[in-house]
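Below: the structure, in structure tokens.
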Amino acid sequence: MMMIGTILFVLLLALLILFFLKQFWTQRNLPPGPLTLPLIGTFFAVGLWLREDYFRKPVKRHGNIYRLWYGQQLMVVLSGFKAVKEEMTSFPEELSDRLDDPFLNDFGKGRGILFSNGHTWKQQRHIGITSLRKLGLGKKSIEHQIEDAAQILVEIFRETKGQPFDPSFSMLNAVSNVICALSFGHQFSAEDEEFQKLLQALQIIFKFFGDSFHAMYDLFPQLMKHLPGPHKEALASVDIILAFAKQEVEKHKESNSLHEPQDFIDYYLFQMEKSRNDTNSTYNEENLSQCIFDFFAAGTETTFATLRWALLLLTNHLDIQEKIQKEIEDVFGSSGSISYQDQKKLPYTNAVIHEMQRLKYVLLYGVPRQNTKDVVMRGYDIPKGTFIIPDLRSVLLDPEQWETPEKFNPKHFLDKDGKFIDREEFLPFGIGLRSCVGQQLAKIEIFIFLTSLLRAFSFQLPEGVKELNEEPIAKTTMHPHPYKLCAIPTQA
């Protein structure tokens, strides 16, 4: 028995030596990275649990381009402004694919805008951009809907009568309703059970991303499909939102308003009608439903998280809040509407909004890509099918680009004369062909919501609270910890 045990030990040791020799040979011209182990990849070296500096910490040892292994899947991380800009712009077409990821494949089924590739992606992105433009993106029509949602939010805050409250629920409703107005042509009341069911489903989905079960699903997809867990709830939540989208599509088909489109569904159905004889067309109801899901999910979650961070930071930094309010008062007085175009008249306000998005970037990193062919980055061979992560958080906190990267400093976006500076290092909406479709909508929302709220209220700490917690909860989307504040009316 002792002899057999010794033989097995020697065989195991030999297999491990062969594994590391093979790994060394096959990875000889890959970017540097931490120790890789069989099956689990580099999890042991960088950690299984997410944290804010998860992708920035290895830079100190391995440099601004390094490799990780997600199980057997190669990942290459680009860190810092120079690396991200140079490599993402050098290979625009080669880095235009989304990940071939087991959970995302089951999640999006290669449909819509976020989870598709190739011809399907190009057509779905095109209809998304053109329909948003036709619906009035950058024009007054869409702003009226956002202004209405902002005023409803102001009235809800006013009902708190200056007492401590959590603004999250009301802001989530307001932001999501903007997407609903664009997609469906109507908004929902906060008491609508179907609407709250959609928001609950959305929160379940985003809670799952970045969870350890997500990693387990990607590593062992066939096994996880047969096991219970939060992955089942997340996929069921996707089905809830898609089912609702399909109901809305049916209602629009019955209303027959294709030749006078009022919302995204109308524009999409009109495009389907125009393309019915095109054998290469990917405009169909399955892709339409997924596009609606994409708008609803991406358009709600990121803007909602941004506004949560904004109110928290302004409450912690009353001096900055007061400067914004003074600028608005000096330019517009206490009455009259403020449009998105007015940001040019409010350089300090504009700088603060940009600084909040920089300091408290709402994603853990940039949205990953997958290269469609072999490429060479900074002398390293990156084989086809590699997951490429442009770490946008590292760009927005790059000490080579920002004077005080870890501090809330609106001067990052102001020149010596107090004029706003539009900086190329500001990349919260991504870079390249896959940059955010709805970035202009998000900019309008954030500006109008915040200026409306700051004209109506001074946001202050509850009695006995010295400061709100500025540490994020580390998930794929980075939210602050739950907090309460007081909305003190600025006018009687």
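Tabulated data for the structure shown
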read-out	value
In the range 76-94, residue nearest to the chain's Cα centre (by Cα) [restricted to those that are part of a helix (DSSP H, G or I) and of a type in the set (V, I, T)]	V84
Hits in the range 208-218 - residues which are open to solvent by less than 30 Å² (accessible area, probe 1.4 Å), aromatic (F, W, Y) and farther than 11 Å from P102 by Cβ	F208, F209
Selected residue (only one of F206, F195 is part of a helix (DSSP H, G or I) and touching a strand residue (DSSP E or B) at 6+ places or on another chain (Cβ under 7 Å))	F206
Failed item in (1) under 28 Å from H144 (Cα atoms); (2) modelled with pLDDT of 95 or more; (3) of a type outside the set (G, A, S), with K407 passing the rest	(1)
A181 being among the hydrophobic types (A, V, I, L, M, F, W, C) and open to solvent by 40 Å² or more (accessible area, probe 1.4 Å)	no
Which numbered condition A181 misses (of (1) in contact with a helix residue (DSSP H, G or I) (Cβ under 6 Å, 6 or more places away or on another chain); (2) closer than 27 Å to F459 by Cα)	(2)
Filter result (in a loop (DSSP other than H, G, I, E, B) and either crowded, with 19+ Cβ neighbours inside 10 Å or in contact with a Cys (Cβ under 8 Å, 6 or more places away or on another chain) (or both)) within the range 259-281	P261, D263
Of the criteria (1) of a type in the set (A, V, I, L, M, F, W, C); (2) surrounded by fewer than 20 Cβ atoms within 10 Å (Cβ to Cβ); (3) over 19 Å from L364 (Cβ atoms), which one L104 fails	(3)
Within the range 404-442, considering residues that are surrounded by fewer than 19 Cβ atoms within 10 Å (Cβ to Cβ) and of a type in the set (K, R), the one nearest to T120 (Cα to Cα)	R423
Some residue of the range 139-159 being more than 23 Å from F195 (Cα to Cα), out of contact with any Leu (no Cβ under 6 Å at 6 or more places or on another chain), outside any helix (DSSP H, G or I) and among the small types (G, A, S)	no
Sole residue being within 26 Å of D218 (Cα to Cα), modelled with pLDDT under 85 and of a type in the set (D, E), chosen from D101, D53, D97	D101
In the range 250-287, the residues that are within 20 Å of H186 (Cβ to Cβ) and among the polar types (S, T, N, Q)	S255, N256, S257, Q262
Where a residue in the range 51-62 is of a type in the set (D, E, K, R) and its partner, wherever it lies, is in a loop (DSSP other than H, G, I, E, B), with Cβ under 6 Å and at least six apart	R51/A474; E52/A474
Selection from the range 79-109 of residues that are of a type in the set (S, T, Y) and closer than 23 Å to C291 by Cα	S96
In the range 219-249, residue nearest to the chain's Cα centre (by Cα) [restricted to those that are within 27 Å of G185 (Cβ to Cβ) and open to solvent by 80 Å² or more (accessible area, probe 1.4 Å)]	D239
Residue within the range 455-467 that is farther than 29 Å from Q341 by Cα and open to solvent by less than 20 Å² (accessible area, probe 1.4 Å) present	yes
Residues of the range 278-308 classified as hydrophobic (A, V, I, L, M, F, W, C) and in contact with a His (Cβ under 8 Å, 6 or more places away or on another chain), total	1
Sole exception among (1) over 26 Å from K251 (Cβ atoms); (2) aliphatic (A, V, I, L, M); (3) more than 22 Å from the chain's Cα centre (by Cα) for A150, by number	(3)
Candidate set: the range 107-159, residues that are closer than 16 Å to A181 by Cβ and among the acidic types (D, E); chosen: the one most open to solvent (accessible area, probe 1.4 Å)	D148
First in the range 281-308 and more than 13 Å from F206 (Cα to Cα) and charged (D, E, K, R), second anywhere and open to solvent by less than 20 Å² (accessible area, probe 1.4 Å) and not in a helix (DSSP H, G or I), Cβ under 8 Å, 6 or more apart	R308/P167; R308/P480
Residue selected from the range 452-492 under the condition assigned to a strand (DSSP E or B) and of a type in the set (F, W, Y), by the criterion farthest from the chain's Cα centre (by Cα)	F457
Criterion: open to solvent by 10 Å² or more (accessible area, probe 1.4 Å), within 24 Å of E471 (Cα to Cα) and in a helix (DSSP H, G or I) - qualifying residue of Q321, Q357, Q325, Q341	Q357
Test: residue in the range 388-395 that is over 20 Å from R434 (Cβ atoms) and not in a loop (DSSP other than H, G, I, E, B)	no
Residue count, the range 50-75 (criterion: closer than 22 Å to F208 by Cβ, open to solvent by 20 Å² or more (accessible area, probe 1.4 Å) and part of a loop (DSSP other than H, G, I, E, B))	3
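The values are calculated or read from the model by the stated rules, or taken from the named source; none is laboratory data. None of these values were measured; they are calculated from a predicted model. Positions of Cβ are generated from backbone atoms using ideal geometry, with glycine treated the same way; all protein chains shown enter the neighbour counts. The area values use the complete protein model at the heavy-atom level, side chains included, leaving out ligands, DNA and RNA. Shrake-Rupley method; radii C 1.70, N 1.55, O 1.52, S 1.80 Å.
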